[in-house]
1. Within the set of pairs 6 or more residues apart or between chains, which connect a residue that is in contact (Cβ under 8 Å) with a residue 60 or more places away in the chain and more than 19 Å from residue 206 (Cα to Cα) inside segment 233-255 to a residue that is outside any helix (DSSP H, G or I) and among the aliphatic types (A, V, I, L, M) with Cβ atoms less than 8 Å apart?
2. Do we have residue 269 as surrounded by 14 or more Cβ atoms within 10 Å (Cβ to Cβ) and either among the aliphatic types (A, V, I, L, M) or outside any helix (DSSP H, G or I) (or both) here?
3. Since residue 161 meets every condition but one in (1) within 21 Å of residue 242 (Cβ to Cβ); (2) at pLDDT 75 or above; (3) of a type in the set (Val, Ile, Thr), which condition does it not meet?
4. Could you tell me which numbered condition residue 294 fails, if it satisfies all but one of (1) surrounded by 14 or more Cβ atoms within 10 Å (Cβ to Cβ); (2) in contact with a strand residue (DSSP E or B) (Cβ under 9 Å, 6 or more places away or on another chain); (3) farther than 19 Å from residue 469 by Cβ?
5. Just checking, how many residues over segment 456-475 are buried (at least 19 other Cβ atoms within 10 Å of the Cβ) and among the polar types (S, T, N, Q)?
6. Residue 352: under 17 Å from residue 329 (Cα atoms), basic (Lys, Arg), in the same structural domain as residue 463 (by TED's automatic domain parsing) and out of contact with any Leu (no Cβ under 8 Å at 6 or more places or on another chain), yes or no?
7. Just to verify a result, which residue in segment 209-243, among those that are in contact with a Phe, Trp or Tyr (Cβ under 6 Å, 6 or more places away or on another chain) and among the β-branched types (Val, Ile, Thr), is surrounded by the most Cβ atoms within 10 Å (Cβ to Cβ)?
8. Filter segment 415-455 down to residues that are modelled with pLDDT of 60 or more, surrounded by 15 or more Cβ atoms within 10 Å (Cβ to Cβ) and part of a helix (DSSP H, G or I), then give me how many there are.
Amino acid sequence: MDERTASSHPGLPWYHLAASILISLVTFALSAWYTLQQRSTEVLFALGTGLLLLLAYNIANQRNTRAVLRNLSESLQTIRQHREPEPQQLARTGVLKEQVLDLAQYVQRRVMPDQASQMVPVNLEKNELESIIHCMNDGLIIYDMNMNVVLLNPALAELLIPSNPAATGRLIQNPDDQLLFERCVNIEHMKQVHRAMTEEPLLPRCDVIELQHPPQFLKRYASPLNNRFHQQIGHVIIYHDITQEVQSERIRAEFITNASHELRTPVTSIKLLLETLDGGAKDDPKVRGEFIRNLLREADRLHILVNDLLDLSRLETAHERLAWSELELRKVVHDSLQTIAPLAQKKGVDLKENIEDDLQKIWADQLRLGQVLINLVNNAVKFTPSGGEVRVIVRRVDESVEFKIQDTGIGIPQEDLPYIFDRFYRVEQNRQRRQNSGGSGLGLTISKQVVEMHGGKITVSSSPKGTVFTFTIPQKVKVNTAVAS
């Protein structure tokens, strides 16, 4: 360390030496003047010699002090670098040697372990952050201020490009790629969203984007990316798949609308019948009897609808458990047909059953299996003209039991078959037939739910000559209970 650097340290001002010299010279001058006044040569010589010795001592002491402070500064610099000073370096610090050594050991014990423990989490946090980004279910993409892609995670490919995840590389090469725009239902909305990132870069946004092929809804969160100095350095975009939530909300809204409509019909009929009776029809015995029968029919329709709604609610919310047991197959089929027999006789429709001879037992929920058979046979009888036939055929197929309910009725239009199991779905060409059926519109939906709870499948085929409903009950795995999916 040079003289200029040493003299700049606190506690070592350059003017100490100059002041000592100045005081010595003034003292010497005063002494010389006094001595000349007394005309004593001996005294003058003694005083001069003493002043010179004093000046030499001051100079030597200042140099030693500056050397000690310079070595002390070097030792502190060594400690600051988390190293212990060398013994020779400590020896040159004079009386401060022990204090400097204690300070160095204290730093080694306290300061360095803390810094080491702080550096490890930093590295861990970086690795954990990268792992979290790559394991996220939500798609993430980071742009710089020039809209160049800095980072994106694998989930982005699965969300935005489900048919071809490898094409995510196109986004890296060209963030303005038309890949997303090809799937957007509203392309102008997507352009507006991208444009807002450059026009209003500091404004966070949340947009819902509807895609097609396949249908998909994504919630897009855009936020500015800032560094530790709170300066924007880019944009962070997160895509969250809300397709299931949107579809569930639509189904819920449709269900409420349809349920309200179905409930309103019998309630309105009951209200009108009661108003008519109250208006004077009750006084005519013949009219009164007819009105009471109509009231009973509408009340039964309302009762069936409410029960079906509660049934469907239990099945779809997984609150229903199947009571699995080994059943007498012929008894289950026979009991179901006997339930519908009065309606079939009234309409003039024959009920028949064909069951394989060696098929005696079935593993299923007796109540729920009977409910499916009654629903399907009841529908077949309702839509089969007088003189027609409804047949239940049961046989073993591989490791399942297959049921076929076929009729000689009026059939279902082909364009309506894919939606026949939807709740409250109406076949437009047969709306009058549907309204006169007295059903709730939920029987087929409930049947499908029950069959799927058993692990089976249900299908339908139809022609102008009749309709066939087919469902299977697997027998491979026998369990005591199962939860509705």
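1. That search, which allows pairs on different chains as well, returns 233/145; 233/225.
2. In short, no.
3. (2)
4. (2)
5. Of the residues in that region, 3 qualify.
6. On the way: under 17 Å from residue 329 (Cα atoms): yes; basic (Lys, Arg): yes; in the same structural domain as residue 463 (by TED's automatic domain parsing): yes; out of contact with any Leu (no Cβ under 8 Å at 6 or more places or on another chain): yes.
The answer is yes for residue 352.
7. Filtering segment 209-243 for residues that are in contact with a Phe, Trp or Tyr (Cβ under 6 Å, 6 or more places away or on another chain) and among the β-branched types (Val, Ile, Thr), the one surrounded by the most Cβ atoms within 10 Å (Cβ to Cβ) comes out as 238.
8. Here the count works out to 13.
The values are calculated or read from the model by the stated rules, or taken from the named source; none is laboratory data. Not measured: the values here are computed from a predicted model. Every residue, glycine among them, receives a Cβ derived from its backbone with ideal geometry; neighbour counts consider all protein chains shown.
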